[in-house]
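Structure record follows, encoded as structure tokens.
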Amino acid sequence: MERLAIPSGVRLGARFLGLAEINELLAQGTCHMQPGRIMVAEHHGSNVIKLVGDVRLTLCNVLDDYFEEMFSSSDFSSVIVDLTEADNVDSTTLGLLAKLALMAKNRFQFVPVILSTNPDITRVLQSMGFDRVFKIRQHPLHTDQDLGELPQIEGSEGVVKEKVLEAHRVLMGLNESNKARFRELVSMLEKKY
């Protein structure tokens with residue numbers, strides 16, 4: 001797979017870092033995040049999606065596929081997204097979560113709940129306009145013992161690129177700030193692919 005150059009201002013954790021700062025952290029070995037995982041559970045149409053660790057675009061295929069499967073279920077009634085154990089959620093994942101909220105509203109007239117106990121992640125959610133499409137709660141689930149992990153699936157480079165573009169276009173549609181923030185990235189990706 002072709003590697004994309006990391007543009008300046010890439011988001012790591014809940015703070016913007018420049019390319020030089022990211023490279024320095026990686027060289028020092030001080031950048032230790034738990035690999036990303038997606039845990040899910042469903043009971044009588046009520047769904048929980050828990051993002052754990054460093055959740056990045058490498059998980060976008062399985063996450064998007066799960067959304068489609070969940071919404072195609074005849075007994076879908078609700079969804080909660082739990083970010084209480086997420087160390088980092090990249091912009092592609094945020095775009096897919098925004099897509100989830102918009103799909104829930106358009107198909108079921110339902111506003112999903114997103115849980116975030118990390119003030120930095122909550123601040124990012126609010127700055128991205130997630131409070132317009134999600135009910136943001138700042139407390140964890142009581143138990144997650146019934147959650148099962150979604151397996152990672154490899155997607156073709158083209159599929160991953162399309163999901164990255166789609167996710168960022170969804171984010172751009174949430175508010176003017178996002179439109180300005182991601183316009184250059186989306187334009188570059190559209191030209192490159």
Condition (residue is hydrophobic (A, V, I, L, M, F, W, C), open to solvent by less than 30 Å² (accessible area, probe 1.4 Å), at pLDDT 75 or above and in a loop (DSSP other than H, G, I, E, B)) applied to the stretch 145-167: is it met by at least one residue? no
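Just to check your reading of the model, which residue among LEU51, LEU125, LEU115 is over 25 Å from LEU165 (Cα atoms), open to solvent by less than 30 Å² (accessible area, probe 1.4 Å) and modelled with pLDDT of 90 or more? It would help to see each step written out before you state the result.
Working: LEU51 fails: over 25 Å from LEU165 (Cα atoms); LEU125 fails: over 25 Å from LEU165 (Cα atoms).
Exactly one of LEU51, LEU125, LEU115 is over 25 Å from LEU165 (Cα atoms), open to solvent by less than 30 Å² (accessible area, probe 1.4 Å) and modelled with pLDDT of 90 or more, namely LEU115.
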Looking only at the stretch 72-104, which residues are open to solvent by 10 Å² or more (accessible area, probe 1.4 Å) and part of a helix (DSSP H, G or I)? SER72, SER91, LYS99, LEU102, MET103
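The values are calculated or read from the model by the stated rules, or taken from the named source; none is laboratory data. A quick note: this is a predicted structure, and the numbers were derived from the prediction, not measured. Areas reflect the complete protein model, heavy atoms only, side chains present, ligands, DNA and RNA absent. Shrake-Rupley method; radii C 1.70, N 1.55, O 1.52, S 1.80 Å.
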